[in-house]
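Some notes on the structure that comes next.
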Amino acid sequence: MVGRKRTSRKKSSGAAGFLLTGFLLALLAAGAGAWLVLAPFGPSTETLVEVAPGTSTARIGRELEAAGIIRSHFAIDLLRLGKRGTLRAGEYRFDHPASAAEVYARIARGDVFTKAVTIPEGANRFDIAARLEQAGLGTRQGFLDAAVSQTTLLSDLDPAAKSLEGYLFPDTYHFDRKATPTQIAAAMVRRFRAEAAQLGLKENVHAVVTLASLVERESAVDSERPLVASVFSNRLTAGMPLMTDPAVIYGLQLEGRWRGTIYQGDLTHPTPYNTYLHKGLPPGPIANPGARSLRAAMEPAKTDYLYFVAAGANPQGHSLFSRSLDEQNRNVSGYRNAVKQAGGR
């Protein structure tokens, strides 16, 4: 009987020891897993990782480990077991140590690396192309080529468009650094469509956008945009040439003749955009207008103004509107005197 009790105690002791060992091992495994998932790791300088479409979670984990973003691909495997959703393709930027959980969360929500570029109101395609190149989003010429070749993006809005000028809506954009010129241009046109829909712009789109581009380049004061639009509208109705310098400048840019300053000889150079020589609107938009200029072109103020001195040229900071040439000449004379007093020439 005594021997049997000892044997029973040995078996109980062995079972308890086995359970304790198993518990300790599980605890160690849990601790190791938590360390892999939660302890910060990774580069302190910029490292970019590209996740290709269709890449498996296991493969993404191995690529992150190889790039030095996480300690071990097992961390991604562990996280995948406890989380739903899929990891999104794209390029990701890592520049500081982070936990594998944070890395996983970023890829799961698609927090891809993008470059920001701001397109101001009134920028034309040449300005936009230069800004994109400066931001590291392709070449200037690449975008200019796309702006001419991708007019099918406007087939329903402006079937006669020779380029995307006027429809590259001004805004701040965030693009993948590998975005193509066509993708960038398409995003800007989509943005234009959204704004046009909000404004209710559905008819005479070509004429409205062309007029809006003139208003944008001539107006520095928001409240004056409808007034400037009224001047152009009244001159069109009266059969008078618009005589607007920004259109002349744009024609010179298209021919590579723009010298940074408009000269008297430029006003007689026969481009299709020379609104001193040709009556009516120019052949198309000369820039990319914002919503306020589009609205002004759609709804010009009701005036009998036929002339104005633009605010951008007036040291007093506002445009001067007039109904007659004599009044315009007086405004021009006053403008020149103001320039002299301001120290101009």
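The table that follows gives values for the structure above.
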| quantity | calculated |
| --- | --- |
| Region 235-250, residues that are of a type outside the set (A, V, I, L, M) and either surrounded by 19 or more Cβ atoms within 10 Å (Cβ to Cβ) or within 13 Å of GLY280 (Cα to Cα) (or both) | ARG235, THR237, GLY239, PRO241, THR244, PRO246, TYR250 |
| Failed item in (1) surrounded by fewer than 19 Cβ atoms within 10 Å (Cβ to Cβ); (2) under 19 Å from VAL215 (Cα atoms); (3) small (Gly, Ala, Ser), with GLY265 passing the rest | (2) |
| Selection count where residues are part of a helix (DSSP H, G or I), open to solvent by 20 Å² or more (accessible area, probe 1.4 Å) and touching a residue at least 40 places away in the same chain (Cβ under 8 Å), scope region 209-223 | 3 |
| Complete set of residues in region 278-296 that are open to solvent by 30 Å² or more (accessible area, probe 1.4 Å) and part of a loop (DSSP other than H, G, I, E, B) | HIS278, LYS279, LEU281, PRO283 |
| Some residue of region 145-154 being open to solvent by 20 Å² or more (accessible area, probe 1.4 Å), of a type outside the set (Lys, Arg) and at pLDDT below 95 | no |
| Residues of region 129-140 that turn out to be under 27 Å from GLU218 (Cα atoms) and out of contact with any Leu (no Cβ under 6 Å at 6 or more places or on another chain), as a count | 6 |
| Strands (runs of 3 or more DSSP E) (entirely within region 34-129) containing at least 1 residues that are open to solvent by less than 20 Å² (accessible area, probe 1.4 Å) and touching a residue at least 60 places away in the same chain (Cβ under 8 Å) | 90-94 |
| Matching residues in region 104-122 - criterion: being within 23 Å of ILE286 (Cβ to Cβ) and touching a Leu at 6+ places or on another chain (Cβ under 8 Å) | VAL117, ILE119 |
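The values are calculated or read from the model by the stated rules, or taken from the named source; none is laboratory data. The structure presented is a predicted model; accordingly, all values stated were derived computationally and were not measured. We place every Cβ from the backbone using ideal geometry, glycine too, and count neighbours over all the protein chains shown. All accessible areas refer to the heavy atoms of the entire protein, side chains included, with ligands and DNA or RNA removed. Shrake-Rupley method; radii C 1.70, N 1.55, O 1.52, S 1.80 Å.
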